[in-house]
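Participant: Right, I'll just put the structure down here and ask away after.
Coordinate-derived values only; no laboratory data. In this text the structure is predicted, and so the values were computed from the model without any measurement. Cβ atoms come from the backbone with ideal geometry, glycine included; neighbour counts cover every protein chain shown.
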Amino acid sequence: MTTIKIATWNVNSIKARLQNVLGWLRSFSPDVVLLQEIKCVDEAFPRLEIEDIGYNVATHGQKTYNGVAILSKSPIEDVAARLPGDDTDEQARYLEATVFGKIRVASIYLPNGNPIDAPKFPYKLAWMERLERHMARALTSDEMAVFGGDYNVIPRDSDVYEPRAFAEDALMQPESRARFRTMLHLGLTDALRAFHPEPHLYSYWDYQAGAWQKDQGLLIDHILLSPQAADRLTGSGIDKTPRGQEKASDHTPVWCELNLD
DNA sequence: ATGCCAGGTAACACCTGA
């Protein structure tokens, strides 16, 4: 059986995280990685270091903020940056490409949306509507599609250590959750949940207040699969190892495994 | 009610994040 692992990881600056990322690529050996918050322009991405250990690289970067990338052991083809639907949107939050000749993958850095009484929240909701429309179009194709990233949505109360503390947070507003559910209702499968329905699985722990040590986290990084990809899903999980290391990102990788036979 | 921590930029302080 030929399987590949596809992971998503918000690295919170690729330059600050390069040694962590290189070490994890060597040890976990994912076939495809969707990165978010690279926080650098394309020219500053440490492309050679990552190519040296066997990955092809595609980036859609931005100075200081945001920025997404795709790494793959296969060639990366038909790269497309930016989410359609708003030509005035300058934030680098979306990159998609074809890997292994037949899988359309997207690296998604969905807007945080806080605070909810500022323009950032309607920007988040509008961005989610654009993503829904784009997903719906992609699903008219019969190719495998994998939409992975930092969705900045806590889908359920049991996906956060203390839901009351986040009652006013954009990550779990009813409107944010409804739009996430709408994506699932298009026919997408949550790769983690297909194998792990249990509550209190987290992909993010704040740097502050000992959140990691107390396991006070959030589940906000998700991988959504088209039916053709879901049919080939053989496993999924969260690799908490990188979060416990020195100079860690506040997020840890979420991954899924697909059978390509 | 606020800051806690971390990264980037720029400049010795402030913005953003979730």
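Participant: Which ³J(HN,Hα) values in Hz, rounded to whole numbers, follow from the phi angles of region A:143-158 under the Karplus curve 6.51 cos²θ - 1.76 cosθ + 1.60, where θ = phi - 60° and Gly and Pro get x?
Facilitator: 8, 5, 10, 10, 9, x, x, 8, 7, 6, 10, 9, x, 9, 4, 7
Participant: At 20 °C and 1.002 mPa s, what whole-number value in µm²/s does Stokes-Einstein give for the translational diffusion of region A:1-131, with Rh from the Kirkwood sum over Cα pairs?
Facilitator: Using the Kirkwood radius from Cα pairs, D works out to 141 µm²/s.
Participant: Express as a percent, rounded to the nearest 5, the fraction of DSSP beta bridges in chain A (both residues included) that run antiparallel.
Facilitator: Of all bridge pairs located within chain A, approximately 80 percent are antiparallel.
Participant: Of A:GLY23, A:VAL105, A:SER72, which is farthest along the charge dipole of region A:1-138 in the positive direction, counting Lys and Arg as +1 and Asp and Glu as -1 at C-beta?
Facilitator: A:GLY23
Participant: A follow-up question, please. Charges only on Cβ, +1 for Lys and Arg, -1 for Asp and Glu: so what's the dipole of chain A about the Cα centre, in debye to the nearest 20?
Facilitator: In debye, rounded to 20, chain A gives about 160.
Participant: With viscosity set to 0.692 mPa s and temperature to 37 °C, compute the Stokes-Einstein D of region A:106-261, Rh being the Kirkwood radius across alpha carbon pairs; µm²/s, no decimals.
Facilitator: Rounded, D is 203 µm²/s.
Participant: Okay, moving on. Is the shape of chain A rounded, prolate or oblate, going by the alpha carbon gyration tensor and its root eigenvalues a ≥ b ≥ c, with a/c under 1.5 for rounded and a/b larger than b/c for prolate?
Facilitator: rounded
Participant: Would you compute, from DSSP H runs of 4+ residues alone, the mean residue ellipticity of chain A at 222 nm, taking -39500 (n - 2.57) per run and dividing by the full residue count, rounded to the nearest 500?
Facilitator: After summing the helix terms and dividing by residue count, I get -6000 deg cm²/dmol.
Participant: Here is a follow-up. Fewest Cβ neighbours within 10 Å first, please rank A:THR88, A:THR241, A:THR98, A:THR252 accordingly.
Facilitator: If I rank by nearby Cβ atoms, fewest first, I get A:THR88, A:THR241, A:THR98, A:THR252.
Participant: Determine the sum of side-chain charges near A:LEU186: Lys and Arg each +1, Asp and Glu each -1, restricted to other residues whose C-beta is under 14 angstrom from that of A:LEU186.
Facilitator: Result for the local shell: +2.
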